[in-house]
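The values are calculated or read from the model by the stated rules, or taken from the named source; none is laboratory data. All values derive from a computational prediction rather than experimental measurement. Here Cβ is always computed from backbone atoms with ideal geometry, including for glycine, and neighbour counts include all displayed protein chains. With ligands, DNA and RNA removed, areas are computed over all heavy atoms of the protein, side chains included. Shrake-Rupley method; radii C 1.70, N 1.55, O 1.52, S 1.80 Å.
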Amino acid sequence: MNIAVCLKQVPDTSEVRINPKTNTLMREGIPSIINPYDVHALEEALTIRDRLGGRVTVLTMGPPQATDSLRKAISYGADHAILLTDRAFAGSDTLATSYILAGALGRLMDREPLDLIFCGKQAIDGDTAQVGPGIASRLGWPLLTYVTKIDGIDPTNQVFQVQRKIEVGREVVRCRLPALVTVVKEINEIRYAPLPDLIRAAHYPVEVWTNADLGLDASQLGLKGSPTWVNKISTPPMREKGEVLAGSDVAPAETARILADKLIPHIVVPNR
Amino acid sequence: MTVQEPTQQQLNQERWRDVPLEFEAIVVGAGPAGLAAAYTLAKGGVKTLLIERGDFPGSKNVMGGILYSYPTHQIIPDFWKEAPLERPIVEQRAWLLAEESVVSIGFKDPGFYEEPYNNFSVFRSRFDRWMANKVVEAGATLITETVVTDFLFDERADRRRVAGVVTNREQGEIRAQVVLICEGANSILTQRLGLQEDLSPGDLAVGVKEVIALPKGAIEDRFNVEKGQGATIELIGESTQGMFGMGWIYTNKDTLSIGVGVMINQLSRSGMNPNTVLEKMKQHPAVRPLLAGGETKEYLAKIIPEGGYHQVPKLYAHGVLICGDAAMLVNGVHREGSNLAMTSGKLAAETVIEAKKKGDFSSVTLKAYHDRLQDSFILKDLKKYENASALLQSNPHFFTLYPKLARYSARELFTVDNVPKKDKQKKIWHEVTSRRGIWNIAGDMYRLWRTLG
């Protein structure tokens, strides 16, 4: 099983500040991490490789500093890492990003066939959940989003089965290979890299591809190739503080009754 | 589908797995001491592993906010050309704070705005990230999110030698000829070696600091400096509610760093929370206008080892050296810590480079580190102020009564009310001596002069 994992380096904070003038994220001084969902995608790919053999290749598009994230993926056990970096890529929206990643994956497949591509369900900075599906669409591959579990893989018959999280519950899907999978956090527990792997990963020579290597259509890259623009970003108003009922050791039943009376009008608890 | 021959790059790709896991030196902690040590070691051709527990070098590093130019320049020449710095400091002020009032002295020299500068306001976390990149460029191996929990020892018939470290990761043991402990205040590893006893609350201060955002222009107006220049204020007296400690305000590019450091034993005796002390200082009439309209962006805290000369542990043993805060190398009187840390890291590294040449990392060779520190400003300054902490801790008048008397005297002198100056002087003299006997004051001043002078 040869597997590719697409990673995004994102700012590590839930309180990213927004520049009110330009409506862009202020990344100054905020450390970068691998998008947490993507780490779960990588973990799943490594687990499958450890069981069935093959290679795991990680790719990221970003500035040269994204090398840190790729080395981290190597320390977890990825076999190979490729950085897609080019001034022409800067400012890409999800349409252009999926174009570039699909192009890079295509080039990778000239070298070695791929059976699976893993992505996180979305990135914590943009929250669009569009790049994974965009890549699948551009490659013409089946797409399985919000996967919570891989039930099994049958390499001989080139099929596998997964469970997907959907609004009303869980969907079990059988699908042919190759396919693209996006994962949620529940799919696995992240491993902790052993010390020797961490030290060696610090010396890993990341392979770098620019557009000279990919030969993509310049009009579909970066700002030029990005029809999306951000019209306005605003901070939602703070939610009001909830009401706290002082509990009583003496009469918990009474406190419960008060709580029920308060909840019933809000149709949280059905009044039966 | 075509499968191509592997390229040279692919062949290199496979080779990284064979990188030998052998190091000559392991540096524990990527703070000021560890970064300076690792940089000097790597430049000196020593195979160095730098281990940091935080997510990135700098993520755990906190200081008041002043980086001294000279010692930093000694380690990375002309660092100011590319390092992330805030403002070169051209004016330093000392404020003696009493209730509602301030007696102020200061020194300003625009010459400090020229190379090689004197000091800069910085954010340690940003500066250290930059410096860590220099360390890696110099050839050291850096790993993060890894905690050193113990040592590996070589037991020989006659002696026990540190031979590496144990980390919290799987297969987490790694060997080296020498280990440099640069893990900061309250060093577990130093205690593990039995070189430092448990510290007492009288040896440690706690520093709390806020970063407050203000427009650049407002900072320059309020602190009376030219565009891009910076100023510092050190505040004594009411700033720490009369406790042994100090407050500070430093100008950054578009923020102020404001904080207080107070001895932990005094805090616990007073029952005060350090945040409350800082909050009160922020409300002082002399301080409040400097901060007006600012928004608090960050809140930080740090333990400062202020045990002084007498609490400096043994700084070396077979295969191990101790630097920076872990070695108690802090000059509390002059609020200097990170420059002592960086310089001690550099001196330790130079000792290791020599030990490598001799092929001997025993304490006999490593003792040279102690000698180097003794010959440098580091132990000379700590020795000079060896009794300062004891004097100031046992004599609260310096932080309570004297600021009040300074206020009273200054107020009398500066108030114009047709009272003859001679009468004013008499009045001041009478007030001062009635609050503390003349012989007591003379004794205080003599001791202060003996200790600090």
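Tell me which of A:Ile150, A:His266, A:Thr57 sits at the most positive position along the dipole axis of chain A, charges placed on C-beta atoms (Lys, Arg +1; Asp, Glu -1).
A:His266
Among A:Ile166, A:Ile100, A:Ile190, which one shows the biggest mean-square fluctuation in a GNM of chain A, springs joining Cα atoms closer than 10 Å?
Sorting by GNM fluctuation, first place goes to A:Ile166.
Relative to the Cα centre, what is the charge dipole magnitude of the protein assembly as shown, using +1 at the beta carbon of each Lys and Arg, -1 at the beta carbon of each Asp and Glu, and rounding to the nearest 20 debye? Walk me through the intermediate numbers first.
Working: 85 positive and 85 negative charges, 288 e Å.
Dipole magnitude for the protein assembly as shown comes out near 1380 debye.
Exceeding 31 Å between C-alpha atoms, which entries from my cross-link table qualify? They are B:Lys108/B:Lys282; B:Lys81/B:Lys297; B:Lys209/B:Lys424. Mind dumping the intermediate values first?
Working: B:Lys108/B:Lys282 24 Å; B:Lys81/B:Lys297 27 Å; B:Lys209/B:Lys424 41 Å.
In this structure, B:Lys209/B:Lys424 exceed 31 Å between Cα atoms.
Considering the options B:Gly106, B:Leu195, A:Ile117, tell which one lies farthest towards the positive end of the dipole of the protein assembly as shown, charges being +1 on Lys and Arg and -1 on Asp and Glu at the Cβ, about the Cα centre.
It is B:Gly106.
Using the per-residue mean of other Cβ atoms lying within 10 Å as a proxy for protection, in what order, highest first, do the peptides A:170-177, B:116-123 fall?
Highest to lowest by the protection proxy: B:116-123, A:170-177.
When chain A is treated as a GNM, springs tying every alpha-carbon pair under 10 Å, which of A:Ala41, A:Ala212, A:Ala90 comes out with the largest mean-square fluctuation?
Evaluated over chain A, the most mobile residue of the options is A:Ala212.
Using a simple spin-label model with points 7 Å from Cα along the Cα→Cβ vector, what separation in nm is obtained for B:Asp417 and B:Ser362?
Rounded to a tenth, the inter-label distance reads 7.6 nm.
Report, ordered by chain and residue number, the lysines lying within cross-link reach of A:Lys262, taken as a straight Cα distance under 30 Å and ignoring same-chain residues fewer than 8 apart.
Correct list for A:Lys262: A:Lys241.
Which entries of A:Lys165/A:Lys185; B:Lys43/B:Lys346; B:Lys380/B:Lys404 show an alpha-carbon separation above 22 angstrom in the structure shown?
Over 22 Å apart, Cα to Cα: B:Lys380/B:Lys404.
Using a 1.4 Å probe, what is the accessible area per residue for the stretch B:27-186, in Å²?
41 Å²
Rounded to the nearest percent, how much of the accessible area of chain A (1.4 Å probe, protein heavy atoms only) is carbon and sulfur?
Numbers: 7660 of 14480 Å².
Carbon-and-sulfur percentage of accessible area, whole number: 53.
How big is the charge dipole of chain A about its Cα centre, in debye rounded to the nearest 20, if each Lys and Arg gets +1 on its Cβ and each Asp and Glu gets -1 on its Cβ?
For this selection, approximately 340 debye.
Taking H placed 1.01 Å from N in the peptide plane, check which residues at least 5 places from A:Ala81 or on another chain put their amide H under 5 Å from its amide H.
A:Val58, A:Glu207
For the A and B pair, go ahead and give the buried accessible area with a 1.4 Å probe, both sides summed, in Å² to 100.
Counting both chains, the buried surface is close to 2800 Å².
What's the extension gain from B:Gln74 to B:Tyr446 if we count 0.36 nm per residue and subtract their Cα-Cα distance?
130.2 nm
For chain B, with all protein chains present and a 1.4 Å probe, just round the carbon and sulfur fraction of the accessible area to a whole percent.
Carbon and sulfur: 51 percent of the exposed surface of chain B.
Which of rounded, prolate or oblate describes the stretch B:163-276 when judged by the alpha-carbon gyration tensor and an a/c cut-off of 1.5?
Because a/c hits 1.5 or more and a/b fails to exceed b/c, the stretch B:163-276 counts as oblate.
For the stretch B:161-177, state which residues have at least 30 Å² less accessible area in the presence of all protein chains than in their chain by itself, taking the probe as 1.4 Å and leaving out ligands, DNA and RNA.
Flagged in the stretch B:161-177: B:Arg169, B:Glu170, B:Gln171.
What are the ³J(HN,Hα) couplings of the stretch B:61-66, residue after residue, when phi is run through the Karplus curve with 6.51, -1.76, 1.60 and θ = phi - 60°? Round to Hz, x for glycine and proline.
With the stated coefficients, the stretch B:61-66 comes to 9, 10, 8, x, x, 10 Hz.
What is the dipole size for the stretch B:204-305, taken about its Cα centre, with +1 at each Lys and Arg Cβ and -1 at each Asp and Glu Cβ, in debye to the nearest 20?
160 debye
Just to be sure I understand: with springs between alpha-carbon atoms less than 10 Å apart, which residue in A:Thr67, A:Thr128, A:Thr156 has the highest mean-square fluctuation in the Gaussian network model of chain A?
So, out of A:Thr67, A:Thr128, A:Thr156, the one fluctuating most is A:Thr156.
Filter the GluC sites (Glu not before Pro) in the stretch B:57-109 down to the DSSP loop ones having no more than 15 other Cβ atoms within 10 Å, then list what survives.
When the GluC sites (Glu not before Pro) of the stretch B:57-109 are filtered for loop state and at most 15 Cβ neighbours within 10 Å, B:Glu82, B:Glu99, B:Glu100 remain.
Among B:Ala301, B:Met272, B:Leu256, whose Cα lies farthest out toward the positive end of the dipole of the stretch B:216-308, if unit charges sit on the beta carbon of Lys, Arg (+1) and Asp, Glu (-1)?
B:Met272
Cα gyration tensor of the stretch A:2-220, axes a ≥ b ≥ c as square roots of the eigenvalues: rounded (a/c below 1.5), prolate (a/b > b/c) or oblate? Write down the numbers at each step before the final one.
Numbers: a/c = 1.32, a/b = 1.27, b/c = 1.04.
It is rounded, given that a/c, with a ≥ b ≥ c, falls under 1.5.
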